[in-house]
Structure formats: structure tokens, C-alpha cells
């Protein structure tokens, strides 16, 4: 028997409250990176970004905006992919949280392709069409539903070629699995609390499809990935180039 997903009930995550000591935050962010590495958090993003990179031509760098970057582990993986593909790239990674950006800057010293800007996701200092591609990973579940609609509209406006969202899929099974996994693999109280809450704060594929329509985004693809991941991909490329 397949149980329907529980109703979404947004709860604040401890990292969002920004009250924990810096070292505890760093330890939790390292936990997030491990989860992304082993539970497809990077694979989902790279699968879709890779198609945009493959179409890039010319000596000018491919420009990418990563919104709500956190520890910047996702743009680091994108830069690694671009290097393997011999595509020059310039990444602008933004976050509102100073502790996140401090950690990110320390972790990305070997990646000069990435620069950081501290700003609010709802008040970005960039003009429409400023970047080739805009990405957002594992942050939309932190926001109220109308906020997500507004963010999707912004992502679509900023990316000349399109945008890629990589997020969680709300599910009872995913909640039980991440609850158990965090009890087995970490003692960090932030991770143990935030990871299961993130799953229950997340959206379903149908909800993402509806929010994309409300944002006025025509033709956005909502793709399910194993295990319990969702990609939302919007493209402004001509049909023949997709």
C-alpha cells in the first residue's frame, strides 16, 4: 500500500535560526555535504547543469548564479564538472547568512572560479538575464509557499538560458530513513534535528509543478530522482537546442 505524503507544515530549522556556535555550524554543514555525496544531492544537480555546460561555446566563461549557496559544496561540484569538460566558468554564490559564507570561503580557496556575495534571496542585486544559468539547491523547502513562487519567478528571470532547482521530495519513507540515518552517523544536534524537518518541510513534484505555473514559467520540467529528490528545470533555449 502506498501512503500519501503528509501535509506540509513548515517548521524552522536550527541552522536558519543562526544561534549555534560557528564550529557546530561547520560540523553540521559537513554532515550535509556527506549526505549530498552519498544520497544523490550532487548527481541530480550535475545531471541537469551538465547539459547547459555542454552547449557552451566560445572563450567567454559560462556564468552561473548559485542562490542560497550555504557551504558552496554544490557550486564546487559544478566547477569540478566544468573543469573536466574544459568549459571556462565563473560562479557567483550568494547567501544571507554570514556564518555560511565564512565557512564557504574557507572551503573554496582552491576554486577561484567562485566569488561570494552576501544578500537576501528576495532582494538580489542583479538585473534580469545577468547569468547564463541560475541554480538553487536544497533551500526552497525553507520558505513559505508564496515565497517559493516568488523565488522561482526570480530564478527564471535571471538566467538567460534557464535555471535548475535541486530539492527534497516530501515523503513519510524519506522522513523515516533520514531520521534513522542521522542517528546512526552523526552526533551533531543541528543535523539530527534539521535533516528530518527538512524532509517534512519539502514539496511534492505536483506542488512544484503548480508553483512553477503560478510563477508564470512555461514548460518547466519537474523530474523525480532516486532517492526522494526533485529537480525543477526551466530553459529559455530554442527547442532544437534543448
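Readers should treat all values here as calculations from the given coordinates under stated rules, not as data from a laboratory. Treat the numbers as computed from the prediction; the structure is a model and nothing was measured. In this analysis, Cβ positions are derived from the backbone assuming ideal geometry, glycine residues included, and neighbour counts consider all displayed protein chains.
Measure out, as a whole number of angstrom, how far apart the alpha-carbon centroids of region 193-207 and region 67-134 sit. Each part's Cα centre sits 24 Å from the other's.
Over region 100-242, Cα pairs under 8 Å with separation of 6+ residues give a relative contact order of 25 percent.
Each Cα pair under 8 Å and six or more residues apart adds its sequence gap; the mean of these over the residue count of region 1-106 is a relative contact order of 26 percent. May I ask for log10 I(q)/I(0) of region 33-133 at q = 0.13 Å⁻¹, from a Debye sum over the Cα atoms as equal point scatterers with solvent left out? Calculated log10 I(q)/I(0) at the listed q: -0.45.
From the Cα gyration tensor of region 112-242, with a ≥ b ≥ c the square roots of its eigenvalues, which class applies: rounded if a/c is under 1.5, or else prolate if a/b is larger than b/c, or else oblate? In terms of gyration-tensor shape, prolate. If I take every Cα pair under 8 Å that is 6 or more residues apart in region 66-157, average their sequence separation and divide by the length, what percent do I get for the relative contact order? Normalised by residue count, the contact order of region 66-157 is 33 percent.
Cβ-to-Cβ counts within 10 Å put 9, 119, 26 in ascending order as 9, 119, 26, the fewest first.
The Cα atoms of the chain give a gyration tensor whose axes a ≥ b ≥ c have a/c of 1.5 or more with a/b no greater than b/c, which makes the shape oblate. Taking other C-beta atoms within 10 Å as the exposure proxy, 121, 151, 96 rank 96, 121, 151 from fewest upward.
Which of rounded, prolate or oblate describes region 133-174 when judged by the alpha-carbon gyration tensor and an a/c cut-off of 1.5? Judged from the Cα gyration tensor, region 133-174 comes out oblate (a/c at least 1.5, b/c at or above a/b).
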